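The values are calculated or read from the model by the stated rules, or taken from the named source; none is laboratory data. On a predicted model such as this, the values are computed, not experimentally measured, just so you know. Because the Cβ atoms are built from the backbone with ideal geometry, glycine has one as well, and the counts that use them run over all protein chains shown. Accessible surface is based on the protein model in full, side chains and every heavy atom, while ligands, DNA and RNA are left aside. Shrake-Rupley method; radii C 1.70, N 1.55, O 1.52, S 1.80 Å.
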Amino acid sequence: METKNLLSLATEFGCPLYVYDAEKIQSQYTRLTNAFSKVKSLRINYAVKALSNISVLKLLRQMNSGLDTVSIQEVQLGLIAGFAPHDIIYTPNGVSMEEIEEVAAMGVQINIDNLSILEQFGAKHPDTPVCIRINPHVMAGGNSNISVGHIDSKFGISIHQMPHLLRIVENTKMHINGIHMHTGSDILDIEVFLYAAEILFEAATHFKELEFLDFGSGFKVPYKKDDIETDVEELGKKLTRRFNEFCKKYGCELTLAFEPGKFLVSEAGYFLAKVNVVKQTTSTVFAGVDSGFNHLIRPMLYGSQHHIENISNPKGKERFYSVVGYICETDTFASNRRIAEITEGDILCFRNAGAYCFSMASNYNSRTRPAEVLWHNSKGHLIRQRETFEDIVRNQVVIDL
Ligand SMILES: *Cc1c(COP(=O)(O)O)cnc(C)c1O
């Protein structure tokens, strides 16, 4: 997106503000489907938790995407956005049997990730098709070594529990129609991902009525210039070849599914915040903005490095700044970053603010959450109003004391 458009949106809608570029979401979706164009049946299920605004979901539905959901509320948002239940997969972790049954009754594809629920669900609903989430104990992200040490992960059914799993399926006569894995968040080494895929193929041979294999997500996106990213084109080539070979051996054409969140929306997002104060101390120059980790928690939560630009003075001389929020505890967006000279009132733009930013925002410090705008067909559309103080007090019950 062009700086001048971002600036005018900040003026029109105020700060702090989330802006999403529809075209970027569309081009990422197309890039992924192109990478897997040689797969006969491909399914992209957008992971709603990354950014769950209904208008964004509608945009993805227009692209023919499905949805990956982790709560009944995400399923409900998807239905409001116009998705059919059979275009939604539900992949919860540690959720009650009641919620799983409620979602299954809606006609949504259920993905079960533990033996206890699998056994209960199979006994009660043997005719409802179920996908199984396998934990292959491979960490595709983080480093390039194959790590089987991820044995203590709470996600999925361990590949080592396959005999027990098969006993449950046999006893309940339940219908397993999909196998799923989600190995981690940042795939750097495609070979490691393919190694995990082999484990999934092996697991799949135990089930005779499969319709799809779901390889989860973990596509890494670049955060700065020359940053590494998952080579989806290379992955597309290699996984397609193995997938098509597997289908031949299996004896029928399966659907290959992915459920990317970050890959589709991260780079489409821009977070705009206004500088309230420039504070020079003996060692540091702080730029304090009208926001904090209540609106964008990723730098504090996982040390993510969002590129920050001063869009009010893009050609200014670069200086070192620590960009901090207004929350009354450590609240650092960036330390000692080179940013074009900042004066109070300038607008800073945080990049890669599409995924896990607004969706993780809170009302901490009793602050309201920002507005959201979708930039679509060269126009800014308000897709979520800025919260007001009313929203802060709405559910509070003030008692007489
Ligand atoms: C969070 C999540 C995703 C999306 O992961 P990204 O890294 O955002 O692509 C996909 N599948 C499952 C099961 C998830 O929990």
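The table that follows gives values for the structure above.
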| quantity | calculated |
| --- | --- |
| So Glu170, is it of a type in the set (Asp, Glu), at pLDDT 90 or above, under 24 Å from Cys252 (Cα atoms) and assigned by TED's automatic domain parsing to the domain that holds Lys220 | yes |
| Pairs where the first residue, in the stretch 75-93, is at negative phi and the second is of a type in the set (A, V, I, L, M, F, W, C) and modelled with pLDDT under 95, C-beta under 9 Å, 6+ apart | Asn93/Phe155 |
| Spans of helices (runs of 4 or more DSSP H) in the stretch 177-291 with at least 2 residues in the same structural domain as Leu67 (by TED's automatic domain parsing) and surrounded by fewer than 22 Cβ atoms within 10 Å (Cβ to Cβ) | 190-204, 232-250 |
| Residue within the stretch 233-246 that is within 15 Å of the ligand (Cβ to nearest atom) and under 19 Å from the mean Cα position of the chain (by Cα) present | no |
| Strands (runs of 3 or more DSSP E) wholly inside the stretch 329-377 that include at least 1 residues being open to solvent by 40 Å² or more (accessible area, probe 1.4 Å) and modelled with pLDDT of 95 or more | 332-340, 371-376 |
| Boolean, Gly122 is more than 14 Å from the ligand (Cβ to nearest atom), open to solvent by less than 20 Å² (accessible area, probe 1.4 Å), assigned by TED's automatic domain parsing to the domain that holds Ile199 and over 20 Å from the mean Cα position of the chain (by Cα) | yes |
| Matching residues in the stretch 7-30 - criterion: being in contact with a Pro (Cβ under 9 Å, 6 or more places away or on another chain) and polar (S, T, N, Q) | Gln28 |
| Out of Leu301, Leu256, sole residue that is aliphatic (A, V, I, L, M), within 24 Å of Ala35 (Cα to Cα) and within 16 Å of the ligand (Cβ to nearest atom) | Leu256 |
| Hits in the stretch 62-75 - residues which are away from the ligand (no atom under 12 Å from the Cβ), open to solvent by 30 Å² or more (accessible area, probe 1.4 Å) and under 14 Å from Ile89 (Cα atoms) | Gln73 |
| Any hit, the stretch 296-304, residues being touching a Gly at 6+ places or on another chain (Cβ under 6 Å), closer than 22 Å to Ser266 by Cα and without any contact (Cβ under 8 Å) to a residue 60 or more places away in the chain | no |
| Looking only at the stretch 23-54, and only at residues there that are away from the ligand (no atom under 14 Å from the Cβ) and within 16 Å of the chain's Cα centre (by Cα), the one that is surrounded by the fewest Cβ atoms within 10 Å (Cβ to Cβ) | Ile54 |
| Single condition Ala273 does not satisfy, out of (1) away from the ligand (no atom under 14 Å from the Cβ); (2) farther than 30 Å from Ile383 by Cβ | (2) |
